[in-house]
Every structure is written in C-alpha cells, then in structure tokens.
Amino acid sequence: MGQVIQKEDLIKLIVDFKNQNKKTVFTNGCFDILHIGHVRYLKESAKCGDILIIGLNSDNSVRRLKGPTRPINNELDRAELLSELSFVDYVVIFDENTPEKLLDELKPDIYTKGADYTLETLPEAKTVLKNGGKVEFINLVEGKSTTNVIKKIENK
C-alpha cells in the first residue's frame, strides 16, 4: 500500500532511493474515475523500476484541462484510492496543468506516459531527458477512458 505525500517529503525520499540504487518511476494523470485501463497502465509503469510515484492533477488542474464539470471525484479521494493499489508507492498532488515543474524537482529515473504520445508530442519529455531520466511509453487499453465511462452513464 502506498501513501499520499507532500512534494517536499518526497524530494527527500528520492535522494535516499537514489543512494540505495533504487529506480524511481513517475507517471501522472487525473485518474478521475478509476477503471481497468488505469490499473493496467499503472501496473505496467510499476514494472519499469522499484518505486512508483503518481503525480495527481489537483481539482483545479483537472477543471482547467477537462472542463467545469470535472473532476467527478475530488483530489483527496482520488489520491487515497490510488495509494491503495498494491503496486503504487507514493501519490503527490500537483496544481499545474503539466507535471514539468514537479519532474524538474523530483528528477525520477523513468517517466511513463501512454503510448498515444511520442517524445515529440510529450511536453514533459525535454525536462525528463535534461535531468538524465528516461521516457517509457505504455500501451493503453483500447476503449477504456474516464470520458467513455461518463458518456455511458449520461446515455442511460
């Protein structure tokens, strides 16, 4: 079981992990309504290293990215739910639209993102690479998305 953590505490822990030669993996997202696509994606991300850290978009960030009706679940509920997954080590909430600033501070060894991105289309890639990290793309589960779940509910 993971834990929801403040950025400052996580930065200190990452220094310890690096000293122990543990590979930190970072991924991020809104994770508004958790579904099998999220779980499979996170499980694959966890396999890329020793410590899985999720950067979770804050409620304000989700609203800016997804519109005024989102998120469905608040940031504390989303963070706690993610932290309960056995392969998640830490969840940290961030308020920006992208995790570039957070990535620059944490300097994870590996950054995972969905395979719908490329190095050229991923804004955070430059930040990760300049800090000596590596970007790994994870295949998504076709047809599984929070937007599709919401559409299905609305059509009933």
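Every read-out reported here was derived from the displayed coordinates using simple, explicitly stated rules and does not represent laboratory data. These figures come from a predicted structure and were not determined experimentally. Methodologically, a virtual Cβ is constructed for each residue, glycine included, from the backbone with ideal geometry; neighbour enumeration extends over all protein chains shown.
Residue-by-condition table, conditions (1) assigned to a helix (DSSP H, G or I); (2) among the aromatic types (F, W, Y); (3) within 18 Å of K22 (Cα to Cα); (4) touching a strand residue (DSSP E or B) at 6+ places or on another chain (Cβ under 6 Å):
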position	(1), (2), (3), (4)
L56	no, no, no, yes
N60	yes, no, no, no
R64	yes, no, no, no
R70	no, no, no, no
A79	yes, no, no, yes
L82	yes, no, no, yes
L103	yes, no, yes, no
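Among (1) over 15 Å from the mean Cα position of the chain (by Cα); (2) surrounded by fewer than 19 Cβ atoms within 10 Å (Cβ to Cβ), there is one condition E84 misses while meeting the rest; what is its number?
(1)
Limited to the range 27-43, what total is found for residues that are surrounded by fewer than 19 Cβ atoms within 10 Å (Cβ to Cβ) and charged (D, E, K, R)?
The total comes to 2.
Determine the pairs where a residue that is surrounded by 12 or more Cβ atoms within 10 Å (Cβ to Cβ), located within the range 118-139, has a partner that is assigned to a loop (DSSP other than H, G, I, E, B) and of a type in the set (D, E, K, R) with Cβ atoms under 7 Å apart, the partner being 6 or more residues away or on another chain.
N131/K107; G133/K107; G133/D109; K134/D109
Can you pull out every residue in the range 17-54 that is free of Cβ contacts under 8 Å to residues at least 12 places away in the same chain and in a loop (DSSP other than H, G, I, E, B)?
Passing the criteria: Q20, N21, K47.
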